[in-house]
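Colleague: Got a structure for you, written out below as structure tokens; questions coming shortly.
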Amino acid sequence: MTHSPYSGTLVFQSDREGGWDIYRIEADGSRLVRLTEHRAADRNPAWSPDGERITFSSERSGQGDIYVMDADGGNLRQVTDHPAYEGAPRFTPDGGAIVFEGERDGRAEIYEVDLDSRRVRRITSSLTRKLGPSYSPDGSKLAFMEKTLIRWQVSVRETASGSKRRVTSGGGACRPAWSPDGALVAYVSTLETDKADIWFRQMTGSREGGAWRVPTRPNAHNYDPSFSSDGLSLAMASTIVRGGNEQWDIFVMDVNGRGLFRLTGDEGNERFPDFKPSIQYPRSNK
């Protein structure tokens, strides 16, 4: 394998052993560790802000519930218990709660569960479906993808006021992820091509509202962006569809799309990479 210029630790989901489980790997391709091993599907892992815990969704208790474990896979704890689907969990910036997508009220909405009390509150409520929540590093904004009349788009909700605005347009957009400083949202869009590409949108400063496509694998669908803790690198899942078959792998590159490095390459599929934080940012102001 070619030497990787990148550093950091990632978690991701993989079916390399048959079913979906959670794995951890270094950004240079070393020290692959399987963290879960269960016949039910474990998906969508994400680090806590202090890098000591990992949350993920699992079907081991039904349609999907939210779990937390230590970074080494130990001390597993179920934090939601509902017969409806719940998934795509992400920690709040203070690490005290987890935001997730769920269908417990009949359609996809965004919820949050407090880790101490396990009390669940519903954050969004409207006729549109909403998935993939992600808080900005300071907790002042919540990004998620929302089904419009025609396509999926990315919206941002102000935590303090509850006001919401759409921040993408045109081709379908999904999978939002914040840069560590909160200046950018990375997302997936088909705005310029028939395939899915990674895009950035400027969220602060004089260029606020500007959006641009990141040149990555030109012949592949590129999904699930995640920034490194210093904001200089980006991980993604990517596949080239041949004959109707998909082969997803994890890639790492710099934020300009250069220096593409293939991190996984076995016969299984790998999705939803998440870089481990190593820099502490201001606690949530919610």
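The values are calculated or read from the model by the stated rules, or taken from the named source; none is laboratory data. Remember, it's a predicted structure, so these values are computed and weren't measured experimentally. Positions of Cβ are backbone-derived with ideal geometry, glycine not excepted, and every protein chain shown enters the neighbour counts.
Colleague: If you take the residues in the range 8-45 that are in a loop (DSSP other than H, G, I, E, B) and touching a residue at least 60 places away in the same chain (Cβ under 8 Å), which one is farthest from Ala235 (Cα to Cα)?
Modeller: Let us first name the residues in the range 8-45 that are in a loop (DSSP other than H, G, I, E, B), namely 8, 15-20, 27-32, 35-41.
Going one step further and asking which of them are touching a residue at least 60 places away in the same chain (Cβ under 8 Å), we end up with 8, 15-17, 27, 29.
Details: Gly8: 11, Asp15: 18, Arg16: 19, Glu17: 22, Ala27: 9, Gly29: 13 Å.
Of everything passing the filter in the range 8-45, Glu17 is farthest from Ala235 (Cα to Cα).
Colleague: Another question about this same structure. Just to be sure, is Thr239 more than 30 Å from Thr159 (Cβ to Cβ), of a type outside the set (Gly, Ala, Ser) and touching a His at 6+ places or on another chain (Cβ under 7 Å)? It would help to see each step written out before you state the result.
Modeller: Numbers: more than 30 Å from Thr159 (Cβ to Cβ): yes; of a type outside the set (Gly, Ala, Ser): yes; touching a His at 6+ places or on another chain (Cβ under 7 Å): yes.
Here the answer is yes, as Thr239 does meet what is asked.
Colleague: Out of all the residues in the range 179-195, which are crowded, with 24+ Cβ neighbours inside 10 Å and either out of contact with any strand residue (DSSP E or B) (no Cβ under 8 Å at 6 or more places or on another chain) or aromatic (Phe, Trp, Tyr) (or both)?
Modeller: The one that is crowded, with 24+ Cβ neighbours inside 10 Å and either out of contact with any strand residue (DSSP E or B) (no Cβ under 8 Å at 6 or more places or on another chain) or aromatic (Phe, Trp, Tyr) (or both): Tyr187.
Colleague: May I pose another question? Inspect the range 41-60 for any residue being among the small types (Gly, Ala, Ser), over 15 Å from the mean Cα position of the chain (by Cα) and modelled with pLDDT under 95 and give the result as yes or no. Outline the logic, then answer.
Modeller: Within the range 41-60, the first condition is being among the small types (Gly, Ala, Ser), and the residues that meet it are 41, 46, 48, 51, 57-58.
Next cut, over 15 Å from the mean Cα position of the chain (by Cα) only: 41, 51, 58.
Keeping just the survivors that are modelled with pLDDT under 95 gives none.
Checked the range 41-60: no residue is among the small types (Gly, Ala, Ser), over 15 Å from the mean Cα position of the chain (by Cα) and modelled with pLDDT under 95.
Colleague: Shifting gears a bit: Is there any pair with a first residue in the range 57-79 that is more than 14 Å from Leu115 (Cβ to Cβ) and a second that is assigned to a loop (DSSP other than H, G, I, E, B) and of a type in the set (Phe, Trp, Tyr) whose Cβ atoms are under 8 Å apart and which are 6 or more apart or on different chains, and what are they?
Modeller: Gln63/Tyr85; Gly64/Tyr85
Colleague: Turning to a different aspect of this structure: Have a look at Lys195, Lys141 and point out the one that is under 17 Å from Glu101 (Cα atoms), among the charged types (D, E, K, R) and more than 15 Å from the chain's Cα centre (by Cα). Let's see the steps before the verdict.
Modeller: Values: Lys195 fails: under 17 Å from Glu101 (Cα atoms).
The unique qualifying residue is Lys141.
Colleague: Can you pull out every residue in the range 95-132 that is in contact with a Pro (Cβ under 7 Å, 6 or more places away or on another chain) and not hydrophobic (A, V, I, L, M, F, W, C)?
Modeller: Filtering the range 95-132 for residues in contact with a Pro (Cβ under 7 Å, 6 or more places away or on another chain) gives 95, 98-101, 110, 132.
Matches in the range 95-132: Gly95, Glu101, Gly132.
Colleague: Go through (1) closer than 23 Å to Gly268 by Cβ; (2) free of Cβ contacts under 8 Å to residues at least 12 places away in the same chain and name the single condition Ile150 misses.
Modeller: (1)
Colleague: Would you confirm whether any residue within the range 70-91 is modelled with pLDDT of 95 or more, out of contact with any Ser or Thr (no Cβ under 6 Å at 6 or more places or on another chain), surrounded by fewer than 16 Cβ atoms within 10 Å (Cβ to Cβ) and among the basic types (Lys, Arg)?
Modeller: yes
Colleague: What is the one condition in (1) at positive phi; (2) not in a strand (DSSP E or B) that Ser117 does not satisfy?
Modeller: Ser117 satisfies all of (1) at positive phi; (2) not in a strand (DSSP E or B) except (1).
Colleague: May I pose another question? If we scan the range 10-20, do we find a residue that is at pLDDT 95 or above, more than 22 Å from Tyr135 (Cα to Cα) and surrounded by 20 or more Cβ atoms within 10 Å (Cβ to Cβ)?
Modeller: Scanning the range 10-20 turns up at least one residue that is at pLDDT 95 or above, more than 22 Å from Tyr135 (Cα to Cα) and surrounded by 20 or more Cβ atoms within 10 Å (Cβ to Cβ).
Colleague: Would you check which residues across the range 201-248 are buried (at least 16 other Cβ atoms within 10 Å of the Cβ), within 24 Å of Arg16 (Cα to Cα) and of a type in the set (A, V, I, L, M) and list them?
Modeller: Ala220, Leu234, Ala235, Met236, Ala237
Colleague: Let me ask something additional. When the residues of the range 266-286 are filtered to those that are in contact with an Asp or Glu (Cβ under 6 Å, 6 or more places away or on another chain) and surrounded by fewer than 17 Cβ atoms within 10 Å (Cβ to Cβ), which remaining residue is modelled with the highest pLDDT?
Modeller: Pro282
Colleague: From Gly132, Gly139, grab the single residue that is touching a Lys or Arg at 6+ places or on another chain (Cβ under 8 Å), surrounded by 16 or more Cβ atoms within 10 Å (Cβ to Cβ) and in a strand (DSSP E or B). If you could, list the steps in order and put the result at the bottom.
Modeller: On the way: Gly139 fails: in a strand (DSSP E or B).
Unique residue meeting the criteria: Gly132.
Colleague: In addition: Looking at Asp230, Asp224 in this structure, which one is under 27 Å from Pro89 (Cα atoms) and outside any strand (DSSP E or B)? Explain how you work it out, then say what you get.
Modeller: Details: Asp224 fails: outside any strand (DSSP E or B).
None of the others qualify; the one that does is Asp230.
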